[in-house]
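I have placed the structure first, in the form of structure tokens, so that the comments after it can refer back to it.
The values are calculated or read from the model by the stated rules, or taken from the named source; none is laboratory data. Just so you know, these numbers come straight off a predicted model, no measurement behind them. Neighbour counts are summed over all protein chains in view; Cβ atoms, including those assigned to glycine, are modelled from backbone coordinates with ideal geometry.
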Amino acid sequence: MSETSETTVVAGSMVKPLLETRNLQAGYQGRAVVQGANITVYPGEVVCLLGPNGAGKTTTLLTIAGELAPVDGLVMLSNVPTFTPMYQRVRDSGVAMVTEERLVFTKMSTRDNLRIGGGSVEDALELFPELQSRLTVRGGMLSGGEQQMLALARALSRKPKLLLADELSLGLAPLIVDRLLGAVRTAADQQGTGALIVEQHARKALRYADRMYLMARGQILLELPAAEAITRLDEIEEAYLRGTAETEEDHIERKRRKDKRKQWRRQRVRERELTRLTGNLVSTRKAEEDDNYFELERVRRDRAMRARRGKR
Ligand code: ATP
């Protein structure tokens with residue numbers, strides 16, 4: 001690949017991408033659900049990854065974060081092919097990830113919740129001054145919107161190079177959605193953070209973004225500047241997003257059901273979240289080991305149920 005295709009000219013200087021995926025194939029147990037995704041994010045850029053349900057957006061983000069290993073292709077961080085697991089990307093490569101899970105330690109005060117990320121509490125409060133009066137309140141007593149502000153403030157106060165945000169505004173009031181997306185924009189403008197965000201609210205997200213990719217059935221079908229995407233959004237929604245679209249309530253409900261499996265393994269989730277937050281490896285247990293466990297459990301339960309039915 002030539003030098004010019006790996007870099008872009010910004011204000012007369014050559015800027016290297018923070019993130020570049022090359023022909024990325026991502027999926028589970030060696031089976032790709034994302035096929036050949038080429039995504040770039042430059043410093044100071046907010047990039048939206050849009051697409052219908054099941055398109056592969058979360059899978060892509062998890063693979064870029066290092067939580068899933070690519071089935072094939074490359075994830076390049078600051079022009080370096082990166083194969084390290086998530087905790088090392090958080091610790092050494094300036095990656096931060098925020099999801100709709102609103103990672104807040106419910107028994108810790110807001111101040112301690114901010115401290116645990118290792119960033120500056122002052123910087124966090126600068127982004128979200130509304131947290132100032134809530135510093136001594138336990139995380140569990142915050143509203144959903146405040147919890148997500150806390151999670152995002154904590155991630156951004158570490159001054160990450162690359163922020164990955166998966167549906168961070170899910171189920172929150174429009175005003176909060178604006179605050180969250182606005183903070184991502186501010187971090188991009190003031191800290192040079194590059195952000196790749198997955199959002200349900202396409203129109204709103206595009207207002208804060210520079211560029212967008214449209215993913216459907218595991219493939220990137222479109223790449224457009226955000227301003228152009230806004231003018232063509234009706235057409236894009238008609239062609240790709242409608243039909244498979246759900247109401248926000250249905251979407252949350254479906255995510256909850258999907259997350260049930262995760263709730264069963266709360267300990268595992270906590271370990272992963274701490275790893276994500278601090279860049280320290282909390283457990284060396286692999287997700288597949290949990291999957292095997294749950295698969296065995298499912299087989300055992302099915303057998304027991306069949307045996308019970310047979311007795312009746
Ligand atoms: P959504 O808005 O529904 O979360 P998405 O675009 O984020 O959509 P993904 O969650 O990445 O989509 O899912 C892409 C595909 O991968 C789907 O077909 C889904 O069923 C499958 N998938 C997701 N998680 C797993 C998993 N743990 N094991 C196997 N397949 C999975």
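Could you say which residue among Ala55, Ala26, Ala69 is within 16 Å of the ligand (Cβ to nearest atom) and touching a residue at least 60 places away in the same chain (Cβ under 8 Å)? Quick ask: steps written out before the conclusion?
Numbers: Ala26 fails: touching a residue at least 60 places away in the same chain (Cβ under 8 Å); Ala69 fails: touching a residue at least 60 places away in the same chain (Cβ under 8 Å).
None of the others qualify; the one that does is Ala55.
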The lone exception for Tyr87 - which of (1) among the hydroxyl-bearing types (Ser, Thr, Tyr); (2) within 16 Å of the ligand (Cβ to nearest atom); (3) more than 15 Å from Leu163 (Cβ to Cβ); (4) surrounded by 19 or more Cβ atoms within 10 Å (Cβ to Cβ) it fails: (2)
Selection within the range 188-197 - at pLDDT 95 or above and outside any loop (DSSP other than H, G, I, E, B): Ala188, Asp189, Gly194, Ala195, Leu196, Ile197
Residues within the range 220-257 that are modelled with pLDDT under 60 and assigned to a helix (DSSP H, G or I), tallied: 0
Hits in the range 29-52 - residues which are in contact with a Gly (Cβ under 8 Å, 6 or more places away or on another chain), part of a strand (DSSP E or B) and either free of Cβ contacts under 8 Å to residues at least 12 places away in the same chain or within 9 Å of the ligand (Cβ to nearest atom) (or both): Val33, Val34
Number of the exception - Gln263 against (1) assigned to a helix (DSSP H, G or I); (2) at pLDDT 70 or above; (3) within 20 Å of the chain's Cα centre (by Cα): (2)
Some residue of the range 132-148 being under 26 Å from Cys48 (Cβ atoms), among the hydrophobic types (A, V, I, L, M, F, W, C) and in contact (Cβ under 8 Å) with a residue 24 or more places away in the chain: no
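Residues Leu214, Leu170, Leu180: which one is within 16 Å of the ligand (Cβ to nearest atom), outside any loop (DSSP other than H, G, I, E, B), touching a helix residue (DSSP H, G or I) at 6+ places or on another chain (Cβ under 7 Å) and hydrophobic (A, V, I, L, M, F, W, C)?
Leu214
Is it the case that some residue within the range 118-134 is within 16 Å of the ligand (Cβ to nearest atom), β-branched (Val, Ile, Thr) and either assigned by TED's automatic domain parsing to the domain that holds Thr21 or at negative phi (or both)? Please lay out each step first, then the result.
Looking only at the range 118-134, we keep the residues that are within 16 Å of the ligand (Cβ to nearest atom), and these are none.
Among the residues of the range 118-134, not one is within 16 Å of the ligand (Cβ to nearest atom), β-branched (Val, Ile, Thr) and either assigned by TED's automatic domain parsing to the domain that holds Thr21 or at negative phi (or both), which makes the answer no.
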